[in-house]
Amino acid sequence: MESKISNSIAISFYLLLIINFSIVESSNKIHAHRPCKTLSFYFHDILYNGENAKNATSAIVGAPAWGNLTKLAGQNNFGDLIVFDDPITLDNNIHSNPVGRAQGFYIYDNKEIFTSWLGFSFVFNSTQHKGSINFAGADPIMNKTRDISVIGGTGDFFMTRGIATIMTDSFEGEVYFRLRVNIKLYECW
C-alpha cells in the first residue's frame, strides 16, 4: 500500500514537472504579432539660425563650450540639445493642415558618427485623433530607416506600445528637415 502511494506521488510529481516545463517552454517562444493599428505622418523641423525666428519650430537650447545657440556645433553637432514644436501633417507638404504637433527634444550624442537621441510626443488636435503618442530612442541619422520605441500615450492612444520607423524624407542644409514616421502599434486599448 505504501509503495502504491509513493509511486502515485512520484508519478504526480513527474507529471507536474513535465507540465511546468512545457508551459515555460511555450511561453518563451516568440510569437509574431500583427499591429493593432498603423499610422503614417510627416513632421517638419525648421531650426532657428539667428535670422528665421518667425518660421523656426526648433532651437538649440544647449551647446558645448565650442558651440553657440544659433549654429550647430562641429564634430557631427556633438553636444547640441535641440527642443522642437514641429507641425505633423498627413503628407509631405509643410503647408498642409497640421493634425498635431511633434514636441520634444533631440541630442546629438556622438563625435565620430552623425547620430542623435530622441525623446518626443505626437500631440494630436484633429477630429480624427485625440491624445498623444510618446517616443524615445537612438536615431542613427545616416541610416535610411531607423526604428525607435513607442513607449506610451494618452487619449485614443492610452498606454499604447509599438515601433516607429522614421526616414529622412527631405532636408535643406542644417535649417530644415522632414521626417516620415510609420507607426506600428502592438498594444492598443
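So for region 89-163, Kirkwood radius off the Cα pairs, Stokes-Einstein at 37 °C and 0.692 mPa s: how many µm² s⁻¹?
241 µm²/s
Couplings 3J(HN,Hα) for region 161-175, derived from phi with the Karplus relation 6.51 cos²θ - 1.76 cosθ + 1.60 (θ = phi - 60°), are 9, x, 10, 10, 9, 10, 9, 6, 8, 6, 8, 10, x, 9, 9 Hz, where x marks Gly and Pro. Pairs exceeding a 27 Å alpha-carbon distance, out of Lys71/Lys184; Lys71/Lys111; Lys71/Lys130; Lys54/Lys111: Lys71/Lys184; Lys71/Lys130; Lys54/Lys111. Note on Asn143 and Ser40: the model spin-label points, each 7 Å out from Cα along the C-beta direction, lie 2.0 nm apart.
Compared with the direct C-alpha span, the chain from Ile151 to Ile163 gains 3.5 nm at full extension, assuming 0.36 nm per residue.
The simple Förster model, with R0 at 22 Å and r as the Cβ-Cβ distance, assigns Ile113 and Ala65 a FRET efficiency of 0.55. Please work out the Cα center distance from region 40-79 to region 96-120, rounded to the nearest Å. Using only Cα atoms, the two centres lie 11 Å from each other.
About the centre of its Cα atoms, region 36-102 shows a dipole size close to 80 debye [charges on the beta carbon of Lys, Arg (+1) and Asp, Glu (-1) only; nearest 20 debye].
We did not get these values from a lab; they are worked out from the coordinates using the rules stated. Note that the coordinates shown come from a computational prediction; the quantities given were computed from them, not determined experimentally. Reconstructed Cβ throughout: ideal geometry from the backbone, glycine too, with neighbour counts over all protein chains shown.
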